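Working notes for the structure below.
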Amino acid sequence: GESVGLHLPTLSVQEGDNSIINCAYSNSASDYFIWYKQESGKGPQFIIDIRSNMDKRQGQRVTVLLNKTVKHLSLQIAATQPGDSAVYFCAVSGPHAGNNRKLIWGLGTSLAVNP
Amino acid sequence: GAGVSQSPSNKVTEKGKDVELRCDPISGHTALYWYRQRLGQGLEFLIYFQGNSAPDKSGLPSDRFSAERTGESVSTLTIQRTQQEDSAVYLCASSSRPEWHSYNEQFFGPGTRLTVL
């Protein structure tokens, strides 16, 4: 069946370093990918998305890389700040049962930024 | 503009009691989702509404769980005869695009933290 997984459940980085959070997906027909950030006590918040016709997209201090060949997605955060401490989820959209589409959610990676 | 709101923010109830959780989506958003998130875990899909109908209820864990949506707006998630394992944060999200649309970013509310004693 479809699955989305994260390579590491927790990630600890020093303030100012770059962070890389990884996500693997199983459905090669997936064509839309989103990263969400969830701070403690809050709902997930959209960070950045990418469509399958792209392999890289940049936002403010964040970059998402998509490797469709190996079905791998990553979120890079430049100059990580204490405010980046949160759980990061990837979500993948693609054809589901009966040709319906569905967002499949990863388990989440907890990012801890050390001052 | 107003985002997704949920109420109550916290709910403590006794085992066996029924609870109702409310979600007010972003105005005009036709798609609405309920998720459950246990402590330290990821999002568990419960149900998806498109308008007032629920084409995907596959995530509801038991017949104690039900949800409805009226007026293509407010949704309520009802848990009957609550059990301790129901304790979790219940998140609601809405989207301007149906689930079948190619690109369906979801906007989340802050969640309702349910504690069943």
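The values are calculated or read from the model by the stated rules, or taken from the named source; none is laboratory data. Values in this document were obtained by computation on a predicted structure and should not be read as measured data. Because the Cβ atoms are built from the backbone with ideal geometry, glycine has one as well, and the counts that use them run over all protein chains shown. Keep in mind that these areas ignore ligands, DNA and RNA; they rest on the heavy atoms of the full protein, side chains included. Shrake-Rupley method; radii C 1.70, N 1.55, O 1.52, S 1.80 Å.
Brief remarks follow.
- Partner chain coverage, peptide B:52-63 - average Cβ within 10 angstrom: 1
- Averaging the sequence gap over all C-alpha pairs within less than 8 Å and six or more residues apart, then dividing by the number of residues, gives chain B a relative contact order of 37 percent.
- Subset of B:17/B:57; B:15/B:57; A:37/A:102; A:68/A:102; A:102/B:57 violating a 21 Å alpha-carbon distance limit: B:17/B:57; B:15/B:57
- Excluding ligands, DNA and RNA, the accessible surface per residue across the protein assembly as shown is 48 Å² with a 1.4 Å probe.
- Relative packing of A:19-27, B:106-114, which averages over residues the other C-beta atoms within 10 Å, highest first: B:106-114, A:19-27
- Tail beyond 33 Å, pair distance distribution of the protein assembly as shown (Cα, percent): 17 percent
- Just the protein heavy atoms count here, and of the accessible area of the protein assembly as shown at 1.4 Å, carbon and sulfur take up 46 percent.
- When only alpha carbons of chain B are considered, Rg and Dmax amount to 13.4, 42 Å.
- Zero-based 10 Å bins, Cα pair distances in the stretch B:58-117, whole percents: 18, 45, 30, 7, 0
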